[in-house]
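Please treat every number below as a calculation from the coordinates, not as lab data. Computed from a predicted model, the values in this text were never measured in an experiment. Positions of Cβ are backbone-derived with ideal geometry, glycine not excepted, and every protein chain shown enters the neighbour counts.
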Amino acid sequence: MIDISMIPVTVQKGLTMKYALITGCDHGLGLALASELLSRGYYTVACRLNPGEQQIDALCHSFPEQSEIHTLDISRDDSVTQLKEDTGHLPCLDLLINCAGILGVMENSPEEPLDFDRMLSVINVNAVGTLRVTSALLPLVEKSQDKTILNISSEAGSIQDCWRKGWFGYCMSKSANNMQGTLIHNWLRSKGGQVIQMHPGHVATFMRGHLDLTATVTPAASAKGILKTVLDQSIPVRDIPLYLDYTGKELRY
Ligand SMILES: NC(=O)c1ccc[n+]([C@@H]2O[C@H](COP(=O)([O-])OP(=O)(O)OC[C@H]3O[C@@H](n4cnc5c(N)ncnc54)[C@H](OP(=O)(O)O)[C@@H]3O)[C@@H](O)[C@H]2O)c1
């Protein structure tokens, strides 16, 4: 007797397989997004920074026909070029999720000592790294029907609603992430696609170096909300990318 719950939903419904790639799947939100996409029947390309982080192996092991794992450091050109080569066999990418990110120093004010080198490395990952991946994989995105790029940004990238007096590297990097997403959106929308900038909520992950107990949402709940918002309803394509939170609420740039 076949257990139908083991068959991907797309296959059950006779639909064509959809392809997604996610960065930053070592743990946290990226891992939860991979889990959610796999159970939705997506062929999921999971990228992780550190091969020693093996939760993603355990997850993908349950979906052997529907997943592959790559090591990826989005701060490095050579690593992203390697990913491009290693994913050349994919027919397309319907959904590219740029999730990898780092926090850097959480200064409370400009009077504290500022670590400019650290700031540059945060910008290199969160803003330039996101663009590095998008630029390398755009030909695959362009081959798909959906042509959707989802950048995990943050409310911290909003200039109009900025309330902090520090976190320079993180806030500047997420504003720059929003800008690179807008430039890509301007190009992609003429081809029938779109970019979405997403704030995942205050998520209980280890981004601060320890489990953030002040967080208000679990990675699983955030991932479910994000994919419900992006995949389960028809969302309009605007002149600038939608900037949403994981519940679908719109944020101001
Ligand atoms: N948690 C929140 O409240 C919150 C709020 C707003 C936005 N976000 C955003 O959500 C995204 C996911 O963060 P998270 O909360 O899930 O934190 P996380 O658990 O620390 O996840 C970040 C992921 O990115 C990976 N990563 C770091 N540097 C990388 C690099 N150079 N190349 C490739 N991967 C790299 C990390 O790998 P390692 O950990 O193995 O180094 C980890 O897998 C980030 O973009 C973050 O800015 C989070």
message: Give the separation of the Cα centroids, the range 110-140 to the range 29-63, in Å.
response: 23
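When you count, for each residue, the other Cβ atoms within 10 Å and take the mean per peptide, how do 100-111, 203-214, 136-147 rank with the highest first? Can you show the working numbers first?
Working: 100-111: 16.2, 203-214: 12.8, 136-147: 17.7.
Highest-to-lowest ranking by the protection proxy: 136-147, 100-111, 203-214.
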statement: Per the rule of 0.36 nm per residue minus the C-alpha distance, extending Thr16 to Glu142 adds in nm 43.7 nm
statement: If each K or R counts +1 and each D or E counts -1, the residues other than Glu142 whose Cβ falls under 15 Å of its Cβ total +3
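Out of all DSSP beta bridges with both ends in the chain, state the antiparallel percent to the nearest 5. Mind showing how you got there, number by number?
On the way: 1 of 27 bridges.
Around 5 percent antiparallel, to the nearest 5.
State which helices in the chain qualify, where a helix is a whole DSSP H run, it must extend 27 Å or more along its own axis by its Cα atoms, and its mean Kyte-Doolittle hydropathy must be at least -0.5. Please report the intermediate quantities before stating the final value.
Numbers: long enough: 168-188 (29 Å, -0.16).
Correct list, ordered by number: 168-188.
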- request: Over every pair of different alpha-carbon atoms in the chain, take the mean of 1/r and invert it; report that Kirkwood radius in Å.
  value: 18.5
field: Thr81-Arg118 FRET efficiency (beta carbon distance; Förster radius 30 Å; 0.05 resolution)
entry: 0.75
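Among the listed pairs Lys174/Lys224; Lys143/Lys165; Lys191/Lys228; Lys84/Lys249; Lys147/Lys249; Lys84/Lys165, which have their C-alpha atoms separated by more than 31 angstrom in this model? Intermediate results must be reported in sequence, preceding the final value.
Values: Lys174/Lys224 22 Å; Lys143/Lys165 43 Å; Lys191/Lys228 24 Å; Lys84/Lys249 33 Å; Lys147/Lys249 22 Å; Lys84/Lys165 39 Å.
The answer is Lys143/Lys165; Lys84/Lys249; Lys84/Lys165.
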query: Which of Ala127, Ala32, Ala215 moves most in a GNM of the chain, Cα contacts under 10 Å?
result: Ala215
task: Can you check what the net charge comes to around Leu90, using other residues whose Cβ is under 15 Å from the Cβ of Leu90 (Lys, Arg +1; Asp, Glu -1)?
output: -3
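How high is the relative contact order of the chain, given as a whole-number percent (alpha carbon pairs under 8 Å, six or more residues apart)?
Contact order relative to length: 17 percent.
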